[in-house]
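The values are calculated or read from the model by the stated rules, or taken from the named source; none is laboratory data. Remember, it's a predicted structure, so these values are computed and weren't measured experimentally. Virtual Cβ from ideal backbone geometry, glycine too; neighbours counted across all protein chains shown.
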Amino acid sequence: MAEAHGMSGASVLIVAHRTAATPRLLDAVAERAKQGPCRFTLLVPRDYWEPETERAAIVIELAVPLLERACGDHVEAKIGDVDPFIAVRDAVASGDFDEVIISTLPERVSHWLRRDLPRRVHALGLPLTVVVAEGRRVPVGAAHW
């Protein structure tokens, strides 16, 4: 947990790929930063259709400055497994995170929602917020995935 690493506040894992720099996610990060001290890490799963490309690194390069502006602090970033659930599970298993924000495309085009990613991540036991690029932010407890 963040406290165990000598930091004050929560450690928030942001999971995003194509939506990593969308206005809804930036707004959610800014809102979370206002709630109290926290640090953010962006986790970008590699493309499952072309895992050997550098697309995840490009997403990080483009999104991190915008996320840093939104939260007013440094944002760590890392590339994860091609399976977004495995990427999150591995990151959460380290014990370094207190909550998760998943940013995804709208339901009609989201592979992550079709693969039930929010429900699977919620089962890991951390507070979870889902940000849908189309403008809906749905806390998992109130959503029917």
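Remarks
- Of the residues making up segment 83-103, those that are within 16 Å of Arg120 (Cα to Cα), in contact with a strand residue (DSSP E or B) (Cβ under 6 Å, 6 or more places away or on another chain) and not in a helix (DSSP H, G or I) are Glu99, Val100, Ile101, Ile102, Ser103.
- Answer residue from segment 108-118, given it is surrounded by 15 or more Cβ atoms within 10 Å (Cβ to Cβ) and of a type outside the set (A, V, I, L, M, F, W, C) and is farthest from the chain's Cα centre (by Cα) among those: Ser110
- Single residue of segment 75-107 satisfying the filter (under 16 Å from Glu31 (Cα atoms) and not acidic (Asp, Glu)) that is surrounded by the most Cβ atoms within 10 Å (Cβ to Cβ): Ser103
- Which numbered condition Ala30 fails, given (1) at pLDDT 95 or above; (2) small (Gly, Ala, Ser); (3) within 21 Å of Ala91 (Cα to Cα): (3)
- Boolean, Ile60 is surrounded by 15 or more Cβ atoms within 10 Å (Cβ to Cβ) and on the phi < 0 side of the Ramachandran plot: yes
- Contact annotation: no residue pair with Cβ atoms under 9 Å, 6 or more positions apart or on different chains, pairs a residue in segment 75-99 that is over 15 Å from Ala56 (Cα atoms) with a partner that is of a type in the set (S, T, N, Q) and surrounded by fewer than 16 Cβ atoms within 10 Å (Cβ to Cβ).
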